[in-house]
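Asker: Quick one: the structure is below, and I'll ask about it shortly.
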Amino acid sequence: MDEQRHNRQEGSASKRGIAKLLSFGALSLFAMLVLSACGPDGEKPYSTVSPASTQADDIHSLYKLVFWLSLVVFVGVQFAIVYLSLRYRRKKSDTKRPPQVHGHKQLELVWTIIPAVVLLILLVPTLNILFDHDAQAREGTLQVDVYGKQWWWEFHLGEDQVQDGASLDVVTANEIVIPVNRNTVFNLRSNNVIHSFWVPQLGGKLDVIPGHVNSFAITPTRTGEFYGECAEFCGAQHAWMRFKITVVEEDEFYAWVNNWRTSPAVSANQQEEGSGVIQAPQKFSVCLSCHTYNGAENSKALTGINAYANYGPDLTMLACRETFAAGMMEMTPENLKQWLLDPDSIKPGNYMSTMIGPGMAVEFTEEEADEFVEFFFSMIPEGGCMSPDGWNVSTGDAPAATPESTEATPAA
Ligand code: CUA
């Protein structure tokens, strides 16, 4: 009587176990479907499963291969567990222990060979893609030098095969434009700590190591804005070391390059007639000890302390950027003013705040900060700023000059 009750209890316990297993499985499947349906592309810029370059696509194909192989193994193992536990469960009539197996050559061979075959299926395409990408990093038609800073990125657009190998000589910070369907090589450099360059939809992540140049290629397959992050802990503001790569058609790319080159080239002392640029504030020379901009005559930035490229971000087309402080602040006159008054309150630990801010060597007054903002917003190139939607006459609520032309003027 006792034994029967015992068996009944055991039977219902195993049924409860199976029911739990099934409901857990259903829940996981549901969660997977819900998560995979999260918003359109634009709303998940850090997605690793919507590749936009041939390289990211290659890596994605490996990801899919691993996923499907894992799924087959997972379903196979789960099925075997459920089937074997039901098929060989203890029956009421069983009174003896089943035969115990110790060592089984065939079985052991099978479960060694199957994983070896699975790993081989993964190894061959992985090696193939590794060597392919390595070759592409040496065959770029456009070179971009990337300097990892604490805590922002500097981009130098260099050698361009379309221009017979001449350098484009464009320097910018945190936001860069590259042409679609061109093999652009990013050469990663650092003179401080290790960073990691990662644009989930385009490529990376690749370490940025002091004393060593790491290169990799990105061949974008569609236009759009792609967001990147530093993916290696590098100090206080590691989380705010973001950047953006805007991919555009080739003619728009050269228009952007020309836009940069024709941006007002003024010195602190003289403004070009009719450039729309207002007189630089008196204290602008303070900025020029770390920063420079296109055409700057008296910047010490290139030979500044700790110099490896520029010490502070290049200020050319500053007001045309969508954000500043490496993706932290939206570029508006109000935010820029706030930054100039007290950068440490916005991005604690940044190097500018060792010089500028309340109680530091240089402290701007409200009026001076206003002057700076107006000056930077007046330094928008003729023709306006370029945005992914085309050309803008101005950025934000520019308080100063807004060039009249809204026409795109692509030129090579
Ligand atoms: Cu640079 Cu983290």
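Asker: On a straight-distance basis, which lysines could pair with K91 in a cross-link, Cα separation under 19 angstrom, same-chain partners fewer than 8 positions away excluded?
Answerer: The reachable lysines, counting only those whose Cα sits under 19 Å from K91, are K15.
Asker: Which pairs break 30 Å Cα to Cα here: K64/K105; K20/K92; K20/K44?
Answerer: Numbers: K64/K105 34 Å; K20/K92 24 Å; K20/K44 33 Å.
Violating the 30 Å limit, Cα to Cα: K64/K105; K20/K44.
Asker: How much solvent-accessible surface does D344 expose, in Å² to the nearest 10, with a 1.4 Å probe and all protein chains in place?
Answerer: The accessible area of D344 comes to roughly 70 Å².
Asker: Sticking with this structure for a sec: Please report, as a whole percent, how much of the solvent-accessible surface of the range 100-226 comes from carbon and sulfur atoms (probe radius 1.4 Å).
Answerer: On the way: 3630 of 6130 Å².
Heavy-atom surface of the range 100-226 belonging to carbon and sulfur, 1.4 Å probe: 59 percent.
Asker: Still on this model: Give, in nm to one decimal, the length gained when the segment between V124 and L107 is fully stretched (0.36 nm per residue of separation minus the Cα-Cα distance).
Answerer: 3.5 nm
Asker: Evaluate the distance, in nm, between pseudo-label points positioned 7 Å from the Cα of K96 and of E249 along their respective Cα→Cβ axes.
Answerer: According to this spin-label approximation, the distance is 8.3 nm.
Asker: Using 0.36 nm per residue of separation minus the Cα-Cα distance, give me the extension gain between A31 and L62 in nm, one decimal. Don't jump to the answer; show the numbers that get you there.
Answerer: Numbers: separation 31, 0.36 × 31 = 11.16 nm, distance 2.33 nm.
Answer, rounded to one decimal: 8.8 nm.
Asker: Moving on to the next point. Using a 1.4 angstrom probe on the protein heavy atoms only, could you order L109, L202 from most to least accessible area?
Answerer: Details: L109 95, L202 0 Å².
I get L109, L202, largest accessible area first.
Asker: Between their Cα atoms, which of K244/K283; K149/K205; K283/K347 are more than 28 Å away from each other?
Answerer: From the list (K244/K283; K149/K205; K283/K347), the Cα-Cα distance tops 28 Å for K244/K283.
Asker: Provide the FRET efficiency to the nearest 0.05 for the M360-Y227 pair, computing r from the beta carbons and using R0 = 25 Å.
Answerer: Values: r = 32 Å, r/R0 = 1.28.
So, using R0 = 25 Å, E works out to roughly 0.20.
Asker: Give me the extension gain from V117 to D134: residue separation times 0.36 nm, minus the current Cα-Cα distance, reported in nm with one decimal. Intermediate values should be presented prior to the final figure.
Answerer: Numbers: separation 17, 0.36 × 17 = 6.12 nm, distance 2.60 nm.
3.5 nm is the gain from fully extending V117 to D134.
Asker: Answer rounded, prolate or oblate for the range 131-176, using the Cα gyration tensor with square roots of eigenvalues a ≥ b ≥ c: rounded when a/c is under 1.5, else prolate when a/b is larger than b/c, else oblate.
Answerer: In terms of gyration-tensor shape, oblate.
Asker: Calculate, for V73 and D370, the FRET efficiency according to 1/(1 + (r/R0)^6) with r their C-beta to C-beta distance and R0 41 Å; round to the nearest 0.05.
Answerer: On the way: r = 64 Å, r/R0 = 1.57.
Result of the calculation: an efficiency of 0.05.
The values are calculated or read from the model by the stated rules, or taken from the named source; none is laboratory data. Bear in mind that the values here come from a model prediction, so they are computed numbers and not experimental data. Every residue, glycine as well, gets a Cβ built from its backbone with ideal geometry; the counts of neighbours run over all protein chains shown. Only protein heavy atoms, including side chains, enter the accessible area calculation; ligands, DNA and RNA are left aside. Shrake-Rupley method; radii C 1.70, N 1.55, O 1.52, S 1.80 Å.
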